[in-house]
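Take a look at the structure below.
The values are calculated or read from the model by the stated rules, or taken from the named source; none is laboratory data. All of these numbers come straight from a predicted model, not from anything done at the bench. For neighbour counting, all protein chains shown are included, and Cβ atoms are generated from backbone atoms with ideal geometry for every residue, glycine included.
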């Protein structure tokens, strides 16, 4: 029988960078609060978290890349909120943010977590930033901690 490789959900001393978009900060501040709260609940220490603010979701990958390359962090979480409007702007920003964030992880080998809400309207953004569907920031932190612990076992 094989033994599966899995990361647990104990924050221990994992060093986590969180990059947060200022655009739609009503939602992104809630995502950040959710991430920090779950980090504490899972045994993390506040000093193990570094937060960097960027103008919008489009800028998340650039700062995530710099943080990941610094080798100071075990994982990088990107938090943002893109709400669909009447133009194609949403598709470009959401798509490029997702592509860029994925590329950071692939390029650096540092777990880089997509915690960007992509919503059709304000109601969906509200649901994903702490109401009906939980908090996407908390879920991103859980994914980051699990990945850090998985990488340590590999």
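Some notes on this structure:
- Test: residue in segment 23-40 that is exposed (fewer than 13 other Cβ atoms within 10 Å of the Cβ) and in contact (Cβ under 8 Å) with a residue 24 or more places away in the chain: no
- Assessment of segment 13-20 against the conditions (touching a helix residue (DSSP H, G or I) at 6+ places or on another chain (Cβ under 8 Å), part of a helix (DSSP H, G or I) and either in contact (Cβ under 8 Å) with a residue 24 or more places away in the chain or surrounded by 23 or more Cβ atoms within 10 Å (Cβ to Cβ) (or both)) yields no matching residue.
- Residues of segment 63-93 satisfying the condition of being assigned to a helix (DSSP H, G or I) and either surrounded by 24 or more Cβ atoms within 10 Å (Cβ to Cβ) or under 14 Å from the mean Cα position of the chain (by Cα) (or both): 63, 64, 65, 67, 68
- Flag if residue 144 is touching a residue at least 60 places away in the same chain (Cβ under 8 Å) and out of contact with any helix residue (DSSP H, G or I) (no Cβ under 7 Å at 6 or more places or on another chain): yes
- Residue count, segment 1-12 (criterion: surrounded by fewer than 21 Cβ atoms within 10 Å (Cβ to Cβ) and either within 15 Å of the chain's Cα centre (by Cα) or in contact (Cβ under 8 Å) with a residue 12 or more places away in the chain (or both)): 7
- For the condition in a helix (DSSP H, G or I) and over 16 Å from the mean Cα position of the chain (by Cα), residue 58 does not qualify.
- Positions within segment 55-65 being touching a helix residue (DSSP H, G or I) at 6+ places or on another chain (Cβ under 9 Å) and farther than 17 Å from residue 102 by Cβ, in sequence order: 56
- Filter pass, residue 150 being under 16 Å from the mean Cα position of the chain (by Cα) and either surrounded by 18 or more Cβ atoms within 10 Å (Cβ to Cβ) or modelled with pLDDT of 95 or more (or both): no
- Among the residues making up segment 101-116, those that are touching a residue at least 24 places away in the same chain (Cβ under 8 Å), touching a strand residue (DSSP E or B) at 6+ places or on another chain (Cβ under 9 Å) and either exposed (fewer than 14 other Cβ atoms within 10 Å of the Cβ) or closer than 16 Å to residue 59 by Cβ (or both) are 101, 103, 104, 112, 114, 115, 116.
- Scanning segment 129-139 for residues that are crowded, with 24+ Cβ neighbours inside 10 Å and assigned to a helix (DSSP H, G or I) returns 136, 137.
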